[in-house]
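One structure below.
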Amino acid sequence: MESEPRLAIRGVSVRFGGVEALADVSFEVGAGEILGVIGPNGAGKTTLFNTISGLVRRYEGEIHLDGRPLRGLPPQRIVAHGLARTFQNIRLFKSLTVLDNVLAGQHRHIVETVLDSALHTPRYHREEALATRRALQVLHFVGLGATDPGALATSLPYGAQRRLEIARALAAYPRVLMLDEPAAGLNTGESWELATMIRRIRATGLAVMLVEHDMRVVMSICDRIVVLNFGRVIAQGTPAQVRADPAVVAAYLGDAAQP
Ligand SMILES: Nc1ncnc2c1ncn2[C@@H]1O[C@H](COP(=O)(O)OP(=O)(O)OP(=O)(O)O)[C@@H](O)[C@H]1O
Ligand SMILES: [Mg+2]
């Protein structure tokens, strides 16, 4: 692991009226690591992602990405700093093609002025070609290389739409990727393919945060797991440690603890 964590969460608390959605949550995620975040419905997992990605603006505590504080930054700036995510419910642009959905996820590192784009200068065309080539590479990486990039996103089967969401997040070239229940609605075979893909994402050196209810996927790919219950971290450790923790079994795992 690099000496500095990619993402550091320190003492984060979030309140919605009388609900304490997150209470003094602290953990770190390093490069090349998959961190699982598990817990019962309503435990605060999505709120955690929403807070890190800038959708929840009012919180106590500190969140640092590569050592930089994220407080106060709007979501697009946080993406530009290197954080991308997917959503629990698929959020694709329904009227856009597969390719355009991925292009929409790209944060343009490349220099392109408003004038270039308005005048369709040679530079504009070069940048467009480069962006398209990168988008196609990302589609290939997530296993959609054989899919027609010109097809409407909504014409894809459900499992492919889930992959497309991940492609759109990867297109931002993030340093931290947050996946909110990527296996939801997938069959067993698709879930294992997804697990393989997430391992390949880790191998590129990204830090991955995975919220997931499919314990077979979580236990087989996570390096470490944080367990939330009523907004609090009740355990963190390796899959083996977490699975053997009586508090985790009582709050969430129950019989699911058996692999
Ligand atoms: N925008 C909001 N306004 C008010 N309350 C909210 C809001 N978002 C979440 N909550 C509440 O915060 C708590 C945590 O919800 P959250 O969606 O983070 O849970 P979760 O762990 O993602 O659950 P699930 O596994 O069902 O997706 C719940 O009590 C929820 O009702
Ligand atoms: Mg959720």
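The values are calculated or read from the model by the stated rules, or taken from the named source; none is laboratory data. This one's a predicted model, so the numbers in the text were calculated from it and none came from an experiment. Cβ: placed from backbone, ideal geometry, glycine included. Neighbour counts: every protein chain shown.
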**Report entry** Matching residues in segment 120-168 - criterion: being of a type in the set (D, E, K, R) and within 12 Å of Leu99 (Cβ to Cβ)
**Finding:** Glu128, Arg133, Arg134, Asp148, Arg168
Query raised in the report: From the list Val208, Val226, Val248, which residue is among the β-branched types (Val, Ile, Thr), over 19 Å from the mean Cα position of the chain (by Cα), assigned by TED's automatic domain parsing to the domain that holds Glu4 and buried (at least 21 other Cβ atoms within 10 Å of the Cβ)?
Result: Val248
Query raised in the report: Going by the structure shown, is Pro182 surrounded by 20 or more Cβ atoms within 10 Å (Cβ to Cβ), within 16 Å of ligand 2 (Cβ to nearest atom), in contact (Cβ under 8 Å) with a residue 60 or more places away in the chain and not hydrophobic (A, V, I, L, M, F, W, C)?
Result: yes
Report summary line: Ala171 vs (1) under 26 Å from Leu7 (Cβ atoms); (2) of a type in the set (Gly, Ala, Ser); (3) more than 14 Å from the chain's Cα centre (by Cα): all pass except (3)
Query - Any chance Phe49 is within 16 Å of ligand 2 (Cβ to nearest atom) and of a type outside the set (Ser, Thr, Tyr) - result: yes
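Yes/no matrix, rows are residues, columns are (1) under 18 Å from the mean Cα position of the chain (by Cα); (2) within 12 Å of ligand 1 (Cβ to nearest atom); (3) surrounded by 19 or more Cβ atoms within 10 Å (Cβ to Cβ):
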| residue | (1), (2), (3) |
| --- | --- |
| Leu48 | yes, yes, yes |
| Arg57 | no, yes, no |
| Glu62 | no, no, no |
| Gly67 | no, no, no |
| Gln76 | yes, no, no |
| His81 | yes, no, no |
| Gln88 | yes, yes, no |
| Val98 | no, no, yes |
